[in-house]
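Okay, structure first, notes after.
The values are calculated or read from the model by the stated rules, or taken from the named source; none is laboratory data. Not measured: the values here are computed from a predicted model. Neighbour counts run over all protein chains shown; Cβ positions are idealised from the backbone, glycine included.
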Amino acid sequence: MTVKAAERTKIAATAEKYVKAGKLVAAIVEYEKLLDGTVQDIPISNIIGDLHLRHGDDDKAVRIFSANIQTLMRRGALAQALAIAKKVQKTRPHDFENIIRLGDLYSGLGFVAEAKAEYFRAAEELDRRRERGPLLALYEKLARLDRTDLAVRLKLARLYLKKSQREKAVVELNDVADLLFVRNEFVEAEKILRETLAIQDDHVRTILNLARVLVSSGKSGEAVAQVERNVSRHGDRPEVLGLLAGLRLEAGQNDQAAEIYGRILAEDPNQAEARARLGWIEIRRGRLDEAYEIYEPLVHGLLRKNKEDKAVGLLGLILMSGTMHLPTLEKVAAIFRAGGRRPELEVVDRVLLAEYRELGRDDDRARIVRELIELAPFDPGLEREFKALHWEARVFESDKSGPDKGKARTPASPAAAVLPEDERDIIRLNLGKADEYLAQGLVRNARRVVDNLLLMYPDHPAVVAKLGEVAEAKPASGPDVIDILIGQMAAAEAAAPSERAPSEPEDGPSVEKKMTASDLFSGLDIVPLVPPAAAEEGESDYLDLEDAIAEELEAIEAAYYKQVKDRTVLIEQDLTDIVQEFRRQVESKMAQANLETRYSLGQAFLEQGLYDEAVEEFKIVSADLEREADCHGLIAQAYARKRNFAEAEIWLGRALEKVAPGSTAHFALTYDLAALFEAMNRNDRALALYREVREWNPKFRDVARRSRILEKIVSAG
């Protein structure tokens, strides 16, 4: 029951008189009358606890102080809780629970060094008591507080082993080795990993990490031998075989690498990493038919997922090899055709037309010409190609077998026989174009189409009938016709490729400049490839981007390690993003410029909702001490958007540890932490942090408004 204000004043006065008189028990009784379950209870109960201390009743005092600490921690008033916890420490210096609580409070306030000191003091206390049980949980706290403290993490791994938690110990030791690797401390990393293999010699991540360390130490041969021993002992596991093949490939041993990738695919044809690499080897060998066959399942898988650009990107590796591979080119055309991507299809069709013309494949050439006329109706070169193609089929021939040898003869009239389906299609297509022109009043254009048809089909009844219809039509005039023509020209210009073939002679077929793969994929997000031999001989017109390809392969290599660790599906993440998504690479090769790229990539992932990928990139960039706090804050954002609030809170805490107290960055992160607590409905803590920011700068973001709203919510209970 709430005591009225006047009565409270009277009770407080009485209690103070008892205190001055040394009547502590009576004073305690009076103060207890003021406890009413409101926020005022904390200062009053603290007075009561102090009186119990003066009276010699330490147990009651500590119980009261501990309850107050818990209440304040729930409200986010960590500084007040810390003050009371220090009071308990003076009374009970060896109280293990209070020591841990002190560490938690220091950690929550961002005082990492003080938090670690308290946790270590707690560890000493446990050693003194010979209590090993809580030690594991304590070192887990220390490891979370500072992930880069190798001594703590090694101790934690040893504790896991003592508790027979081998899997956790192996993971912890691998994390330690990763940190050593980033610091280029390869000798120590190798030592840790060999110790880890002794614990569990079939652990895939350990095998992969040890190979990586050995290669970086210049011990590639030893790395191969180590992996081969593991394969011999534990059998053909895809992850380890893939590593062995990658080592062979890196050493230039393409045949050995191809043989291993073949073994992987024989066991599991769906191993995307092995398929991608084996195809790459075949491209380097110049065996493009084999590469195409290997890539086909991957391409089909991407198309089933509606990822046409990724499928084209994969096929582009074949087309950029320096040889225009027709099956690949036809597949790319089919993808663009199915997707209704007319500008891209026109580019590919022009390349196909040149290839078919060179190979003398007139049927295919006629098919492509028909499609190109529909795609680019205003291109005179295509009309000449069309005429030349069909004139060649009917040109005067010499009868080499009869008495009239050498005597010219005319071809049979098309009307005299049933025309094949492809020629009937040509007539229908062009008569339809003539009808469109007539409907718009463009009689001259319609007449031109019909005249072209008459050259090849002079007796065809439909063509003759259309000629009469055109002859009777009258040309339209006026500004509307001009607008139509301008609009059509603009549309044609927009749809046309940026580079047209030069005009051809009126009396002959098209003689285009042959397009290269670079022309074919200009504007598409594909990495070109130049075979080393062609580049050395200077015979290639392609862009020499071997460094980009090498980087891409490193990205696939890194993605392979990531796949083993996280069990991701490679085809859905790494191969599908073969030209624009980069994954964790070997940290020893990271330069500052690469960190800048990774930072931008992380931001892009965050904006696109790829939160796991964003976290991975920001973790790598956080190796740069100047970016560490920023990256930790961004990692917290990613986890918060995934609604993994617990992890977000941990990373915001780490970010706060890295900034100077009282700085703008400190208060910005404090605001973010308050917003996180608000999202978690931990309004007391959120309000306390908002108030801290508001005291610093009431105009910072919307902190004043957020504070007012939460004050009403908290006061309403």
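The table that follows gives values for the structure above.
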item: Residues being within 20 Å of Leu429 (Cβ to Cβ) and surrounded by fewer than 19 Cβ atoms within 10 Å (Cβ to Cβ) - total across segment 348-369; result: 4
item: When residues of segment 20-41 are limited to those that are surrounded by 13 or more Cβ atoms within 10 Å (Cβ to Cβ) and either touching a Leu at 6+ places or on another chain (Cβ under 7 Å) or among the small types (Gly, Ala, Ser) (or both), the one farthest from Ala83 (Cα to Cα); result: Ala26
item: Subset of segment 51-80 [surrounded by 18 or more Cβ atoms within 10 Å (Cβ to Cβ) and over 57 Å from the mean Cα position of the chain (by Cα)]; result: Leu51, His52, Leu53
item: Residue that is hydrophobic (A, V, I, L, M, F, W, C), out of contact with any Asp or Glu (no Cβ under 6 Å at 6 or more places or on another chain) and touching a residue at least 40 places away in the same chain (Cβ under 8 Å), where the choices are Leu314, Leu249, Leu265; result: Leu314
item: Test: Asn174 is farther than 29 Å from Ala660 by Cα and out of contact with any Cys (no Cβ under 8 Å at 6 or more places or on another chain); result: yes
item: When residues of segment 289-335 are limited to those that are among the hydroxyl-bearing types (Ser, Thr, Tyr) and modelled with pLDDT under 85, the one surrounded by the most Cβ atoms within 10 Å (Cβ to Cβ); result: Ser321
item: Residues (in contact with a helix residue (DSSP H, G or I) (Cβ under 6 Å, 6 or more places away or on another chain) and either of a type in the set (Asp, Glu) or part of a loop (DSSP other than H, G, I, E, B) (or both)) located in segment 31-47; result: Lys33, Leu34, Leu35
item: Out of Leu179, Leu142, Leu138, Leu159, sole residue that is over 28 Å from the mean Cα position of the chain (by Cα), closer than 20 Å to Lys619 by Cα, of a type outside the set (Asp, Glu) and at pLDDT below 90; result: Leu142
item: Residue in segment 280-288 that is within 24 Å of the chain's Cα centre (by Cα) and either at pLDDT 90 or above or over 24 Å from Arg350 (Cβ atoms) (or both) present; result: yes
item: Residue that is assigned to a helix (DSSP H, G or I), in contact with a His (Cβ under 8 Å, 6 or more places away or on another chain), assigned by TED's automatic domain parsing to the domain that holds Arg701 and in contact (Cβ under 8 Å) with a residue 40 or more places away in the chain, where the choices are Leu687, Leu669, Leu656; result: Leu656
item: Only one of Asp50, Asp95, Asp58 that is free of Cβ contacts under 8 Å to residues at least 24 places away in the same chain and under 30 Å from Leu126 (Cα atoms); result: Asp50
item: Selection count where residues are in contact with an Asp or Glu (Cβ under 7 Å, 6 or more places away or on another chain) and either assigned to a helix (DSSP H, G or I) or outside the structural domain of Ser600 (by TED's automatic domain parsing) (or both), scope segment 621-635; result: 1
item: Whichever residue in segment 100-139 is touching a Pro at 6+ places or on another chain (Cβ under 9 Å) and either acidic (Asp, Glu) or part of a helix (DSSP H, G or I) (or both) and, among such residues, is surrounded by the most Cβ atoms within 10 Å (Cβ to Cβ); result: Ala122
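Condition check ((1) of a type outside the set (Ser, Thr, Tyr); (2) closer than 30 Å to Gln253 by Cα) across all residues:
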| residue | (1), (2) |
| --- | --- |
| Leu136 | yes, no |
| Leu154 | yes, no |
| Ala157 | yes, no |
| Ser164 | no, no |
| Val170 | yes, no |
| Ala177 | yes, yes |
| Glu188 | yes, yes |
| Thr206 | no, yes |
| Ser217 | no, yes |
